[in-house]
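These notes concern the structure reproduced below.
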Amino acid sequence: MYKKAKVTADADGRVVIISKNNPEYGHIRIEQERFLIDDDGFLRAKVLSALLPGKIEELKRLALKANQEIDGSVYFKESLSPFNKKDDERDCKVAGKTGIVCCIDGQPIYRKTFFSFRKQMEDTLILDENGNHVLHTNVDEIREAFINLKAIENKETQAIIENEGKKVNSKKVTIPTLALDEEK
């Protein structure tokens, strides 16, 4: 299921972003909420984004505005060959916050998003000879990294809770007491 794509702007409100390497070129960032089914079969809503590169004058001629909804698709392609031949570390598929590159038998998986004005573009996955999606094979390494990250996050959360507790406990609280007259 595809929702309309949306044009984004940078912090200064610019839609057309000029390349740092060549001022004749730039890009427009487009995002789209997609419903994907993960490796465990769960439906997940996910916002995908892609850069629409081009010459500055042609990008400006599109006259797109920030937050404008447009017809089209943000889609991705996976490959075992780099998309950028000059920088083979670019576009590696990374397992979340772990920083670990997803691999198939030690070979990195490359993943890149694209935008098309066509409404429903198909994602391209790495398939085996039977047409089944091939998942990364460094699952144990990634699982261990996620466990370690979770442990670190739990320790940080515990430290914050303990610090907050110390702040609360360090406040001087005076509780009024009633003088009881024992003679009565």
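Readers should treat all values here as calculations from the given coordinates under stated rules, not as data from a laboratory. Just so you know, these numbers come straight off a predicted model, no measurement behind them. All Cβ positions, even for glycine, are placed from backbone atoms using ideal geometry, and neighbour counts span all protein chains on display.
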Taking 161, 109, 18 and counting other beta carbon atoms within 10 angstrom, the fewest-first order is 161, 18, 109
May I ask you to evaluate 6.51 cos²θ - 1.76 cosθ + 1.60, the Karplus curve with θ = phi - 60°, for each residue of segment 11-23 and list the ³J(HN,Hα) values in order in whole Hz, giving x for glycine and proline?
-> 4, 8, x, 7, 8, 8, 9, 7, 5, 6, 8, 8, x
Mind grabbing the base-10 log of I(q)/I(0) for segment 72-143 at q = 0.13, 0.15 Å⁻¹? Debye formula, identical points on the C-alpha positions, no solvent, two decimal places.
-> -0.42, -0.55
Kindly work out what percent of the DSSP beta bridges joining two residues of the chain are antiparallel, to the nearest 5.
-> 95
Additional length obtainable on full extension of the chain from residue 140 to residue 83, 0.36 nm per residue less Cα span | 17.9 nm
0 to 90° range, to nearest 10: angle between helix 139-170 axis and the chain longest Cα axis = 30
For residue 42 and residue 132 in the same chain, what is the full-extension length gain: residue separation times 0.36 nm, less their Cα-Cα distance, in nm?
-> 30.7 nm
Just going by the charge dipole of the chain, with Lys and Arg at +1 and Asp and Glu at -1 on Cβ, which of 70, 109, 95 is farthest out on the positive end?
-> 70
Pairs to check: 20/60; 6/86; 4/77; 4/112; 46/77. Give those whose C-alpha atoms are more than 23 Å from each other in this structure.
-> 6/86
Write down the Å³ per residue value for the convex hull defined by the alpha carbon atoms of segment 83-124.
-> 102
If 74, 7 are placed from fewest to most neighbouring beta carbons inside 10 Å, the sequence is 7, 74
With +1 on the Cβ of every Lys and Arg and -1 on the Cβ of every Asp and Glu, the dipole magnitude of the chain about its Cα centre, in debye rounded to the nearest 20, is 940
In units of 2.2 N^0.38 Å, what is the alpha-carbon radius of gyration of segment 1-70?
-> 1.31
In deg cm²/dmol, rounded to the nearest 500, the helical mean residue ellipticity at 222 nm of the chain, built from -39500 (n - 2.57) for every DSSP H run of length 4 or more, is -7000 deg cm²/dmol
Ranked 47, 94, criterion: other C-beta atoms within 10 Å, fewest first = 47, 94
Do me a favour and compute the ellipsoid semi-axes for the chain from its Cα gyration tensor, root of five times each eigenvalue, largest one first, whole Å.
-> 48, 27, 18
